[in-house]
Amino acid sequence: MEKVEKGELINSGKAKSLYKSSDPDFYIMHYRDDTSAFDGVKKESLEGKGKTNNKFNAFIMLILEKEGVATHFQKLLSDTESLVKKLDMVPVECVIRNVAAGGICRRLGLEEGLDLDPPTFEFFYKNDELHDPMINDYHIKCFGWASDEQIEEMKIKTFQVNDTLKRLFSEAGMILVDFKLEFGSFKGELLLGDEFTPDGCRVWDSETREKLDKDRFRQDLGNVVESYQTIAKKLGIN
Ligand code: TMP
């Protein structure tokens, strides 16, 4: 592939911006320092987060690719930018929980830290104004957001990601509590899109159960980017 040039801004999300590239099949994903929680209600710029997450995501996507989960990630372009395949996104979030925290505790009155074995799987409709409501397969089918086959594929791939990453984090002394994935199609193939970073998962230290992910920002625990870097260091990302 020739040197890619950055084109016009396509979409600016809460933490990342997407630009056209000189190749119509690829976009440039820019990881910003902006951090948001509670559907954009709490916002802050945290110096170094964009760079940390860009590198973190590249590391995880390459591992997943090796494990047979096809992703949109192509290559790192700069400290804060990655080249990705242009996906037609399915507007749903796929969440697996190994341990109860966050939404499921509020919804079902569970105590944080309860082991969920087997893990749970949930779909959410990606819509900030509606606060990402929980949905099921039938809503996805009814509104034409994905086919039966894609729904099954999203579930299978999300569990495959869980198996791989649960082991990876555990071997590095951490618990993968839960995470969120998004998928999209590229030339008829369903690929993992968006990102896998501490912004979209919960990770605790196995010994101390200290929270190392975006809950540090949500709950004002401090040292947000430093904790993301702690996770990266434990995983051997440099
Ligand atoms: P929840 O406990 O708030 O439902 O979140 C479950 C997981 O999904 C957690 O790791 C955070 C992640 N998540 C996102 O990345 N983006 C979102 O918009 C939401 C609601 C959750």
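Just so it is clear, none of the values below were taken in a lab; they were calculated from the coordinates. Predicted model only: the values in this text are computed from it and were never measured. When we count neighbours, we look across all protein chains shown, and the Cβ atoms used for this are built from the backbone with ideal geometry, even at glycine.
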Quick check on the exposure proxy: order T208, T158 from fewest to most C-beta atoms within 10 angstrom.
T208, T158
L76 to D128: extension gain in nm, 0.36 nm per residue of separation minus the Cα-Cα distance?
15.9 nm
How high is the relative contact order of the chain, in percent, counting Cα pairs under 8 Å that sit 6 or more residues apart?
17
Of the listed peptides 160-171, 134-145, what is their order by residue-averaged count of other C-beta atoms within 10 Å, with the highest listed first?
160-171, 134-145
Which order do L110, L190 fall in if you start with the one that has the fewest other Cβ atoms within 10 Å?
L110, L190
Given backbone amide H placed at 1.01 Å from N, residues whose amide H is under 5 Å from that of K16, ignoring those fewer than 5 places away on the same chain, are R32
Taking amide H atoms as placed 1.01 Å from N in the peptide plane, list the residues 5 or more away in sequence, or in a different chain, whose amide H sits under 5 Å from that of T120.
R97
With +1 on each Lys and Arg Cβ and -1 on each Asp and Glu Cβ, and nothing else charged, work out how big the dipole of the range 1-78 is about its Cα centre, in Debye to the nearest 20.
220
Mind giving me the FRET efficiency for F143 and V41? R0 is 25 Å, r the Cβ-Cβ distance, nearest 0.05 is fine.
0.45
Length-normalised contact order for the range 67-159 - Cα pairs under 8 Å, 6+ apart - percent:
22
Sort F124, F183 so the one with the fewest other Cβ atoms within 10 Å of its own Cβ comes first.
F124, F183
Within the chain, helix-based [θ] at 222 nm, where runs of 4 or more DSSP H residues each add -39,500 (n - 2.57), nearest 500:
-9000 deg cm²/dmol
Compute, for the chain, the length of the dipole vector about the Cα centre, with Cβ point charges of +1 (Lys, Arg) and -1 (Asp, Glu) only. Units Debye, rounded to 20.
380
Values of log10 I(q)/I(0), in the order q = 0.17 Å⁻¹, for the range 87-238 under a Debye, Cα-only, solvent-free model
-1.04
Between the range 2-61 and the range 73-115, what's the alpha-carbon centroid distance in Å?
15
The ³J(HN,Hα) series, computed from each phi in the range 123-139 with the Karplus coefficients 6.51, -1.76 and 1.60 at θ = phi - 60°, rounded to the nearest Hz and given as x for glycine or proline, is 9, 10, 7, 6, 7, 4, 4, 8, 6, 6, x, 6, 9, 10, 3, 5, 5
When the range 55-147 is reduced to its Cα atoms, the Kirkwood hydrodynamic radius in Å:
15.9
Quote the convex hull volume per residue of the range 1-156, based on C-alpha atoms, as a whole number of Å³.
156
Here, L62 and I10, labelled 7 Å along Cα→Cβ, have an inter-label distance in nm of 2.3
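Hey, got the dipole for the range 71-144? About the Cα centre, +1 on K and R Cβ, -1 on D and E Cβ, debye to the nearest 20?
It works out to roughly 300 debye.
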On average, how much area does the Cα convex hull of the range 149-238 cover when viewed from any direction, in nm²?
6.5
List every residue whose amide H lies under 5 Å from the amide H of L46, counting only residues 5 or more places away in sequence or on a different chain, with H placed 1.01 Å from N in the peptide plane.
D34, T35
